[in-house]
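Chemist: Here it is, the structure in full.
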Amino acid sequence: MIEKMTHDDLLRLTSVQDGPCISIYVPAMPSKTLQMEYEALVRRAVHLLSYDQRKERHQELLDALYNFNPAEFLESEKEGLAIFVNKHWTGYYVAGHELPSKVVVAESFHLKPLIEDLQGHNTYHALVLTPSEAVLFNCDGSRGSEIHTFLYHHGQHSNSMHWKYQDETETFQIPHLKSHSRGRGTQDSHLKKKSSGKLFLKWIESKISKETGYKTLPLFVFTSDMIFHAYKEVSAHGEPILCKIDPTKGIPRIEAITHQANLHIQKNQSQQRNVSTLEIDEMARQKRVIDDLVKISRAALGGKVKTLFIRDNSEIWGQLHRGSAEITFHEKQQDAKDDDILDDIACEVIRQGGEVIVLNDKDMPTSSPAAAILNLQ
C-alpha cells in the first residue's frame, strides 16, 4: 500500500540510490481525466522499467502502482500528486502547487519538481494567539489544517486551560495567583492576569514544541506585538515570525492566514534570488562561483556548495557517478538508470545543507543551466 509522505520523508528520499526508483508526477486536473493521465504515466514507467535487468523486482513495484487511485487522495483540482516507488519506498506526496506530468525511472528518485517543498518553502506552521484562544495550523501552500487548539477560560475562583489534539484532550485548572509585588496586595488583577497569561503561553509551547517539524519549519505567529514578545520568551523555535493581527477579533479565516504567510515567503524568496551582477562578479573573482557541471557535481558531493542556481524548465539527461563525481551525458532519458543531472546535483546540495534556487533564463547569473556559489573555506 502506498502511504502518505511527510516533509521529512521527502528529505530522506534525497539519500536513496537504490534503483529502479520510479517517480511519477500527476498535475492538477479534473477528476474524470485524472485517472486516464495516471494510467498513461504508469505505462511510461512500464516502458522505462523494461530497460532494467533486475526483472524480479518489477512486478511488485508495478502492483503498487496498479492498485493506486490518485483521485482518492486529492481534495481539490489545485493540488498535484507525486508518487515514489522502489523496493523499500512506496509513498505519495500531495503538493499544493503546480506539478508537471512526468515519470522518471532511475537509480535515485527524481525530486526537482518538489525543490521548494524539500526546502520547506511551501510548508510551515501558523500559530494564532489571542488572550483566550490559540490554534496551531499545519500549512502547505494555500492549504492549512488545525492540529492543536487551546482555550483559556477566566473563572471567578480559578482559570482553566483546555487543549485538543486529534483525539487527545486535556484540561488544566489554575487557582487565582496572588500578587507578591510590594505595595499592591492581592487585588492587583492586572498582575494576576499577566502571570496566568504567561502560564497559558508556556502550556501552549509545551504541547506544540513536540509537533513534528516544529523547530525546523518556519513558524508564523499571528498576534499582537505584546503577546508575540511574551511568547518569544518561552518559545523553543529559533526564529518565530510575527504577523500582526488584532487578537480581540478572534481567530482569522485560514485563507487570510495562508495569504499573509505566503506573501512573507514570496518576499523572502525574492530577496534571496536577487543576487546582483556586481556580487556575482566579485564572487567569480574570488573563485566562489562556478558554472561547469562536473565541477559543480564535485563540489556538491563534497558539501561545498552554499547556493545552487538551476535554470527553470532545463533538463540534462545522463548519469551522475557519485563515487567519482563524473557525469555521463545523454541527449534524452534512454534507460532505467538515467536521471536529470540537475535533479541529482540539486538533491546532493539540499542533502548537504545547501540551498537550491530555480530561476528564469534572464535571472540566471551565467549562461550555463546551473551555477553554484561555494562556501567560504
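The values are calculated or read from the model by the stated rules, or taken from the named source; none is laboratory data. Model, not experiment: these values are computed from the prediction. Note that each Cβ is placed from the backbone with ideal geometry, even for glycine, and that neighbours are counted across all protein chains shown. With ligands, DNA and RNA removed, areas are computed over all heavy atoms of the protein, side chains included. Shrake-Rupley method; radii C 1.70, N 1.55, O 1.52, S 1.80 Å.
Chemist: Tyr66 is checked against (1) over 30 Å from Ile265 (Cβ atoms); (2) in contact (Cβ under 8 Å) with a residue 60 or more places away in the chain and fails just one. What number does that condition carry?
Modeler: So the condition that Tyr66 fails would be (2).
Chemist: Check Tyr165, Tyr124, Tyr152 and return the single one that is of a type in the set (Ser, Thr, Tyr) and open to solvent by 20 Å² or more (accessible area, probe 1.4 Å).
Modeler: Exactly one of Tyr165, Tyr124, Tyr152 is of a type in the set (Ser, Thr, Tyr) and open to solvent by 20 Å² or more (accessible area, probe 1.4 Å), namely Tyr165.
Chemist: Condition (residue is open to solvent by 10 Å² or more (accessible area, probe 1.4 Å), closer than 21 Å to Asn138 by Cβ and not charged (D, E, K, R)) applied to region 61-75: is it met by at least one residue?
Modeler: Yes: one or more hits.
Chemist: Please determine, by comparing only the residues of region 76-90 that are farther than 14 Å from Val26 by Cβ and surrounded by 18 or more Cβ atoms within 10 Å (Cβ to Cβ), which one is farthest from the chain's Cα centre (by Cα).
Modeler: Filtering first and then ranking leaves Asn86.
Chemist: Right, something else. Regarding region 50-60, can at least one residue be identified that is buried (at least 19 other Cβ atoms within 10 Å of the Cβ), of a type outside the set (Asp, Glu) and not in a loop (DSSP other than H, G, I, E, B)?
Modeler: The answer is no; no qualifying residue exists.
Chemist: While we're here: Are any residues in region 241-257 under 20 Å from His229 (Cα atoms) and in contact with a Gly (Cβ under 9 Å, 6 or more places away or on another chain), and if so, which ones?
Modeler: Ile257
Chemist: If the Cβ limit is 9 Å and pairs must be 6+ apart or interchain, which residue in region 33-49 that is at pLDDT 95 or above pairs with which residue that is assigned to a helix (DSSP H, G or I) and open to solvent by 50 Å² or more (accessible area, probe 1.4 Å)?
Modeler: Once the first residue is at pLDDT 95 or above and sits in region 33-49, its partners that are assigned to a helix (DSSP H, G or I) and open to solvent by 50 Å² or more (accessible area, probe 1.4 Å) give Val42/Tyr66.
Chemist: Follow-up. Show the residue pairs that are 6+ apart or on different chains and have beta-carbon atoms under 7 Å apart, the first residue being within region 142-171 and without any contact (Cβ under 8 Å) to a residue 60 or more places away in the chain, the second being of a type in the set (A, V, I, L, M) and open to solvent by 70 Å² or more (accessible area, probe 1.4 Å).
Modeler: Hits for this filter: His162/Leu151.
Chemist: Of (1) within 15 Å of the chain's Cα centre (by Cα); (2) more than 23 Å from His229 (Cβ to Cβ), Ala126 satisfies all except one. Which?
Modeler: Looking at each condition in turn, Ala126 falls short on (2).
Chemist: Considering only residues that are crowded, with 18+ Cβ neighbours inside 10 Å and assigned to a helix (DSSP H, G or I), look in region 7-34 and name the one that is farthest from the chain's Cα centre (by Cα). Steps first, please.
Modeler: In the first step, residues of region 7-34 are kept if they are crowded, with 18+ Cβ neighbours inside 10 Å; the result is 7, 10-11, 13-14, 19-26, 34.
Filter once more, so that each one left must be assigned to a helix (DSSP H, G or I): 7, 10-11, 13, 34.
Working: His7: 5, Leu10: 9, Leu11: 9, Leu13: 13, Leu34: 25 Å.
Across region 7-34, the extreme among qualifying residues is Leu34.
Chemist: For region 90-119, how many residues are modelled with pLDDT under 90 and assigned to a loop (DSSP other than H, G, I, E, B)?
Modeler: 4
Chemist: For region 295-369, give me every one of the strands (runs of 3 or more DSSP E) that falls completely inside it and has 2 or more residues that are aliphatic (A, V, I, L, M) and open to solvent by less than 10 Å² (accessible area, probe 1.4 Å).
Modeler: Values: elements: 305-311, 317-321, 326-330, 355-359.
The qualifying strands (runs of 3 or more DSSP E) are 305-311, 355-359.
Chemist: Residues of region 286-344 being touching a residue at least 60 places away in the same chain (Cβ under 8 Å), over 30 Å from Val46 (Cβ atoms) and hydrophobic (A, V, I, L, M, F, W, C), which ones?
Modeler: Of everything in region 286-344, those that are touching a residue at least 60 places away in the same chain (Cβ under 8 Å), over 30 Å from Val46 (Cβ atoms) and hydrophobic (A, V, I, L, M, F, W, C) turn out to be Val289, Ile290, Leu293, Ile296, Ala299, Ala300, Val305, Leu308, Phe309.
Chemist: Can you name the residue in region 136-148 that is touching a His at 6+ places or on another chain (Cβ under 8 Å) and either open to solvent by 40 Å² or more (accessible area, probe 1.4 Å) or part of a strand (DSSP E or B) (or both) and, of all such residues, is farthest from Thr123 (Cα to Cα)?
Modeler: Leu136
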